[in-house]
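Enquirer: Input: one structure, supplied below.
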Amino acid sequence: MSKKPGIPKGTRDFSPIEVSKRNYIFSIIKSNFEKFGFQPIETPTFENSETLMGKYGEEGDRLIFKILNSGDYLSKANDEFLANKDSLKLTTQISEKALRYDLTVPFARYVVMHQNEIEFPFKRYQIQPVWRADRPQKGRFREFYQCDADVVGSNSLWQEVELVQLYDSVFTELGLKGTTIKINNRKILSGIAEVIGASDKLIDFTVALDKLDKIGEDGVKNEMLEKGISGEAISKVQPLFNFTGTISEKIEKLALLLSSSQEGMKGVEELQFICENVTEIGLQSANLELDVTLARGLNYYTGAIFEVAAPEGVAMGSIGGGGRYDDLTGIFGLKNMSGVGISFGLDRIALVIEELNLFPETVTATSKAMFLNFGDSEAKYAMKAVTKLRQNGVKVEMYPDKAKIGKQFQHADKRGIQFAVLVGEEEIKNEKFTIKNLTTGEQESLSYEDLLKKLN
């Protein structure tokens with residue numbers, strides 16, 4: 001007995017209508033990327049492991065899918081590592097490649113490899129799938145698309161201002177009004193760690209702080225204690241757990257808290273520039289919020305960091321995120337190349353739009369009309385019209401088999417096709433087409449020109 005087929009956890013099949021909905025989102029994101037001056041690139045599905053490892057922090061590294069070397073991958077493995085089941089050391093010997101975890105690190109690698117061909121500042125966008133060995137749950141998958149826009153070769157904070165506008169433009173066009181664009185700065189987090197005497201625990205501090213909305217204040221404090229951050233240091237950051245007020249009020253509080261930290265004050269100045277200009281220029285439908293607990297546990301962010309929350313009332317994780325990474329390309333040998341970028345979480349965005357019932361009725365994967373098949377001579381007449389309609393941009397098809405007419409009507413109905421076109425001897429003789437609206441039941445006889453107008 002054959003085994004029932006299945007797919008790996010955290011992956012999905014997509015039906016024609018689901019693909020159409022996803023393509024609708026892709027098209028809006030892509031058109032906005034290009035409207036803002038970004039150019040498309042693509043990178044390989046998998047990279048050399050050394051390109052990816054060590055770029056996402058300890059937690060991120062664990063979530064990278066490794067690819068076994070081809071052939072007898074154990075032949076060159078160290079016997080001692082095998083005997084001791086030392087998977088960490090063994091992995092580097094049996095796996096030289098890995099599926100990409102995100103699009104940012106491969107982009108940094110791309111910039112370094114193609115630096116002599118690129119005109120800087122370089123604005124690129126990339127829409128491709130990524131893979132993470134995460135625990136699957138609602139809105140979190142092991143295979144998913146990222147839609148990234150990055151700028152490298154510019155230190156200007158106007159880039160951050162534009163990226164906030166880009167988020168606002170995309171989500172407004174998608175109908176997701178009321179999204180919240182959260183902003184913080186890694187320099188502020190570094191400054192806080194410095195002020196409380198925990199600079200050596202910066203990564204542990206930021207990773208724990210980033211989980212505030214998931215595990216709460218007590219959970220964050222316990223994690224910090226477990227990572228070796230003293231109770232005295234934690235008490236000094238108590239104000240961060242109830243940090244309220246307008247953006248300008250929060251910036252004033254931060255300036256007071258970080259007055260003794262040069263790094264922290266630099267972060268305050270950057271935040272002030274971005275927030276003041278975004279506020280003055282204005283946003284269409286999104287809200288900008290300064291969130292000092294926003295840390296994003298990735299090692300490479302050095303300046304502004306972003307995260308986007310869905311409109312209020314929708315239970316979903318972040319639907320976008322990003323930030324500035326001044327030293328990312330330096331890892332690959334290209335120094336002094338600042339970059340900043342954002343990412344759109346396509347899969348979560350699709351779930352939010354679905355939940356709010358915001359997909360337009362015009363988003364469909366089916367044909368506008370189906371010509372019924374009454375026989376070979378009728379099919380030939382129909383096919384000539386089908387060909388001309390397609391050349392005029394109309395999505396039409398002809399039922400291929402000479403089946404019972406009732407079955408053909410049933411097929412069109414199940415497919416959600418709006419019109420059926422009937423061609424018999426009478427229609428051929430009068431050079432007409434009978435079109436039936438399958439929703440209302442109305443039908444009429446039309447010339448080809450009128451048929452084209454009807455279907456357009």
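The values are calculated or read from the model by the stated rules, or taken from the named source; none is laboratory data. Bear in mind the structure is a predicted one, so any value in this text is a computation, not a measurement. So basically every Cβ, Gly included, is an ideal-geometry build from the backbone, and we count neighbours across all protein chains shown. SASA here: full protein model, heavy atoms, side chains in, ligands and nucleic acids out. Shrake-Rupley method; radii C 1.70, N 1.55, O 1.52, S 1.80 Å.
Enquirer: How many angstrom lie between the Cα centre of the range 328-345 and the Cα centre of the range 226-290?
Expert: Going from one Cα centre to the other spans 24 Å.
Enquirer: Between GLU217 and GLU249, how high is the FRET efficiency from 1/(1 + (r/R0)^6) when r is the Cβ-Cβ distance and R₀ = 22 Å? Nearest 0.05. Kindly include the intermediate steps, with their values, before the conclusion.
Expert: Values: r = 21 Å, r/R0 = 0.96.
The value I calculate is 0.55.
Enquirer: Evaluate the charge dipole of the range 236-287 about its Cα centre and quote only its size in Debye, nearest 20, assuming +1 on the Cβ of each Lys and Arg and -1 on the Cβ of each Asp and Glu. Kindly include the intermediate steps, with their values, before the conclusion.
Expert: Working: 4 positive and 7 negative charges, 52 e Å.
So the dipole magnitude of the range 236-287 works out to roughly 240 debye.
Enquirer: With a 1.4 Å probe and every protein chain left in place, work out the accessible area per residue of the chain in Å², rounded to a whole number.
Expert: 51 Å²
Enquirer: Mind checking the full-extension length gain between LYS3 and GLN128? Use 0.36 nm per residue of separation minus the Cα-Cα distance, one decimal, nm.
Expert: 41.8 nm
Enquirer: With a point put 7 Å past each Cα toward its Cβ, work out how far ILE17 is from PHE273 in nm, to one decimal.
Expert: So the label points at ILE17 and PHE273 sit 4.9 nm apart.
Enquirer: Quick one: dipole size for the range 193-271, taken about the Cα centre, charges +1 on Lys/Arg Cβ and -1 on Asp/Glu Cβ, in debye to the nearest 20.
Expert: I would put it at about 80 debye.
Enquirer: Next question. Say each of ASN392 and LYS380 gets a label point 7 Å from the Cα, pointing the same way as Cα to Cβ; how far apart are those two points in nm?
Expert: Result: 2.3 nm between the two label points.
Enquirer: Which of LEU372, GLY345, THR440 sits farthest toward the positive end of the charge dipole of the range 334-453, with +1 on the Cβ of Lys and Arg and -1 on the Cβ of Asp and Glu?
Expert: Of the options given, the answer is GLY345.
Enquirer: A follow-up question, please. Quick one: if the Förster radius is 41 Å, what FRET efficiency do ASN155 and ASP72 give, using the C-beta to C-beta distance and rounding to 0.05?
Expert: On the way: r = 50 Å, r/R0 = 1.21.
Here the calculated transfer efficiency is 0.25.
Enquirer: Please give the Cα centre distance for the range 97-113 versus the range 434-456, rounded to the nearest Å.
Expert: Cα centroid of the range 97-113 versus Cα centroid of the range 434-456: 52 Å apart.
Enquirer: Once neighbouring chains are kept in place and the probe is 1.4 Å, which whole percent of the accessible area of the range 90-145 is contributed by carbon and sulfur?
Expert: Heavy-atom surface of the range 90-145 belonging to carbon and sulfur, 1.4 Å probe: 46 percent.
Enquirer: Related question: Over the range 96-180, what is the mean sequence separation of C-alpha contacts under 8 Å (at least six apart), divided by residue count, expressed as relative contact order in percent?
Expert: 26 percent
Enquirer: Holding the Cα-Cα limit at 25 Å, pick out from LYS227/LYS266; LYS21/LYS368; LYS123/LYS182; LYS429/LYS453; LYS30/LYS187 the pairs that are longer than that.
Expert: Correct reply: LYS227/LYS266; LYS30/LYS187.
Enquirer: Please tell me the relative contact order of the chain in percent, rounded to the nearest whole number, where contacts are Cα pairs under 8 Å and at least six residues apart.
Expert: On the way: 760 pairs, mean separation 71.8, N = 456.
Averaging sequence separation for qualifying contacts and normalising by length gives 16 percent for the chain.
Enquirer: If we sort 322-335, 404-417 on the protection proxy, mean other Cβ atoms within 10 Å, highest first, what's the order?
Expert: Order by mean packing, descending: 322-335, 404-417.
Enquirer: Can you match semi-axes √(5λ) of the Cα gyration tensor in Å to one of these, (1) 45, 26, 20; (2) 52, 29, 21; (3) 96, 30, 18, based on a calculation from the structure here?
Expert: Checking each listed value against the structure points to (2).
Enquirer: Right, here's the next one. Pop out the carbon and sulfur fraction of the accessible area of the range 161-269 as a percent, whole number, probe 1.4 Å.
Expert: Numbers: 2320 of 4780 Å².
Here carbon and sulfur together make up 49 percent of the probe-accessible area.
Enquirer: If each of ALA365 and LYS35 carries a label point 7 Å out from its Cα toward its Cβ, how far apart are those two points in nm?
Expert: With each label placed 7 Å out from Cα toward Cβ, I get 2.7 nm.
Enquirer: Treating the beta-carbon of each Lys and Arg as +1 and of each Asp and Glu as -1, no other charges, what is the dipole magnitude of the chain about its Cα centre, to the nearest 20 debye?
Expert: Details: 57 positive and 65 negative charges, 326 e Å.
Around 1560 debye, computed over the chain.
Enquirer: Tell me the relative contact order for the range 254-408 as a rounded percent, counting alpha carbon contacts under 8 Å between residues six or more apart.
Expert: 13 percent
Enquirer: Keeping the other protein chains in place, figure out the carbon and sulfur percent of the accessible area of the range 276-378, with a 1.4 Å probe. All intermediate terms of the calculation are to be shown ahead of the outcome.
Expert: On the way: 1840 of 4100 Å².
Ligands and nucleic acids excluded, carbon and sulfur give 45 percent.
Enquirer: Round to the nearest 0.05 the FRET efficiency obtained for HIS114 and SER27 when R0 = 22 Å and r is the Cβ-Cβ distance.
Expert: Working: r = 27 Å, r/R0 = 1.23.
Result of the calculation: an efficiency of 0.20.
Enquirer: Let me check I've understood the local charge: for ARG62, count other residues with C-beta under 14 angstrom from its C-beta, Lys and Arg +1, Asp and Glu -1. What total comes out?
Expert: Spelling it out: positives minus negatives among the neighbours equals +1.
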